[in-house]
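Report on one structure; see the data block that follows.
The values are calculated or read from the model by the stated rules, or taken from the named source; none is laboratory data. Note that this is a predicted model, so its numbers are computed, not measured. We place every Cβ from the backbone using ideal geometry, glycine too, and count neighbours over all the protein chains shown.
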Amino acid sequence: MGIMAEVKAKARLDIKRIVLPEGDEPRTVQAAAAIVREKLACPVLLGDPARVKETAARVGADISAIEIINPLDSQKAAEYAWTLYGLRKAKGVTEEQATRLVEDPMYYGIMMVKMGEADGLVSGAVHTTGDMLRPALQIIKTKPGNKVVSSSFLMDCPNKSLGHNGLLVYSDCVVVPCPTAEELAYIAISAAETARTLCGIEEPKVALLSFSTKGSAKHDLVTKVQEATRIAHELAPDLALDGEMQFDAALIPEIGASKAKGSAVAGHANVLIFPDLQAGNIGYKITQRVGGAEAYAVLQGLAKPCNDLSRGCSVEDIVTTVALTAVQAQSL
Ligand SMILES: CC(C)(COP(=O)(O)OP(=O)(O)OC[C@H]1O[C@@H](n2cnc3c(N)ncnc32)[C@H](O)[C@@H]1OP(=O)(O)O)[C@@H](O)C(=O)NCCC(=O)NCCS
């Protein structure tokens with residue numbers, strides 16, 4: 001069974017309520033209908049019900065069983081606005097601003113998740129990553145014990161000898177442009193948790209990547225990865241984690257054995273931590289476009305799961321992201 005078939009099977013075991021703020025967007029409406037058909041989650045569409053239904057009729061999607069909430073005339077809006085005001089007044093948000101913000105489906109959806117009225121949120125068919133991430137960071141915040149929200153890509157590679165039966169977790173490829181050593185340590189620990197939750201990798205092997213393996217090169221950039229490895233060991237002493245190491249030393253057993261003797265991770269890593277966003281984002285695209293891997297993105301480290309789509313996403317991309325979000329919500 002491929003990774004997404006496994007994720008979908010898990011999602012069906014405990015149905016979660018996932019809010020879709022872009023409720024009148026055609027692909028989102030089609031995806032919501034498919035999610036119900038496949039029994040993956042209970043989707044909630046936000047928007048003007050007349051427009052949502054008009055879109056559904058136009059694209060031939062059956063949304064008769066799906067709840068639609070209009071943030072502009074919701075009975076919960078006042079409560080959400082008051083809570084949002086309480087959360088953000090120290091940052092300068094006034095009561096009037098909070099009232100206006102919850103009329104925006106993105107903020108309304110984030111507030112539903114915050115208040116426990118949805119288990120997770122998926123958006124991004126229209127909005128940018130920042131449009132969703134900023135309110136999620138401000139309102140939902142990080143999981144207890146974590147300081148950094150980041151992302152992982154689940155890379156399903158054609159070469160099944162790599163990682164966990166061809167599955168590799170890459171992190172961070174979306175969120176933190178230039179992490180400090182401490183932030184990199186938190187990213188590594190979150191990625192290991194993602195590997196367990198979404199990929200069924202019971203014993204993640206985490207490699208912190210660099211252009212140097214075990215001191216083969218000297219540079220401030222290498223020192224940062226060494227420091228991140230030390231901090232991550234302190235934060236998660238039981239996790240199989242090692243660094244700094246080169247990509248090939250992390251993945252290829254013979255190279256790992258020769259360049260990082262005695263490492264429990266080198267040559268067998270299934271979670272790869274990139275030193276910054278440029279490396280991570282470029283790395284996942286190379287694996288996808290040149291290496292022929294399927295790539296699935298999730299955010300990690302948030303107190304409740306919210307996930308982003310690419311604006312070029314397909315209906316199936318939305319369906320799979322909702323399934324991933326539902327499985328993340330099951331683990332809380
Ligand atoms: C994530 C991102 C949107 C944050 O935006 P920002 O405008 O810089 O946000 P701010 O620095 O004003 O922070 C907003 C809040 O989020 C918090 N925050 C920001 N990044 C965070 C992170 N990675 N983890 C946890 N909290 C974070 C801040 O502490 C702040 O909290 P506060 O308002 O309660 O004090 C920004 O880092 C970003 O644009 N990242 C790259 C995204 C991108 O373009 N990726 C490529 C897509 S493929």
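When T94, T128 are screened for being within 16 Å of the chain's Cα centre (by Cα) and farther than 27 Å from E202 by Cα, only T128 passes. Among the residues in the stretch 108-125, are any outside any loop (DSSP other than H, G, I, E, B) and over 20 Å from L299 (Cβ atoms)? Scanning the stretch 108-125, I find no residue that is outside any loop (DSSP other than H, G, I, E, B) and over 20 Å from L299 (Cβ atoms), so the answer is no. Criterion applied to V222, V174 was being buried (at least 19 other Cβ atoms within 10 Å of the Cβ), assigned by TED's automatic domain parsing to the domain that holds Q288, in a helix (DSSP H, G or I) and of a type in the set (A, V, I, L, M), and the one residue passing it is V222. Somewhere in the stretch 122-142, is a residue more than 16 Å from the ligand (Cβ to nearest atom), among the acidic types (D, E) and in the same structural domain as R51 (by TED's automatic domain parsing)? Within the stretch 122-142, not a single residue is more than 16 Å from the ligand (Cβ to nearest atom), among the acidic types (D, E) and in the same structural domain as R51 (by TED's automatic domain parsing).
Restricting attention to the stretch 240-283, report how many residues are of a type in the set (A, V, I, L, M), over 18 Å from L167 (Cβ atoms) and assigned to a loop (DSSP other than H, G, I, E, B). So the count comes out to 3. Taking the criterion of being buried (at least 17 other Cβ atoms within 10 Å of the Cβ), within 22 Å of V265 (Cα to Cα), more than 12 Å from the ligand (Cβ to nearest atom) and under 20 Å from the mean Cα position of the chain (by Cα), would at least one residue in the stretch 102-111 satisfy it? No, the stretch 102-111 contains no residue that is buried (at least 17 other Cβ atoms within 10 Å of the Cβ), within 22 Å of V265 (Cα to Cα), more than 12 Å from the ligand (Cβ to nearest atom) and under 20 Å from the mean Cα position of the chain (by Cα). Taking the stretch 250-277 as the region of interest, how many residues are more than 23 Å from C199 (Cβ to Cβ) and within 23 Å of the chain's Cα centre (by Cα)? Result for the stretch 250-277: 1.
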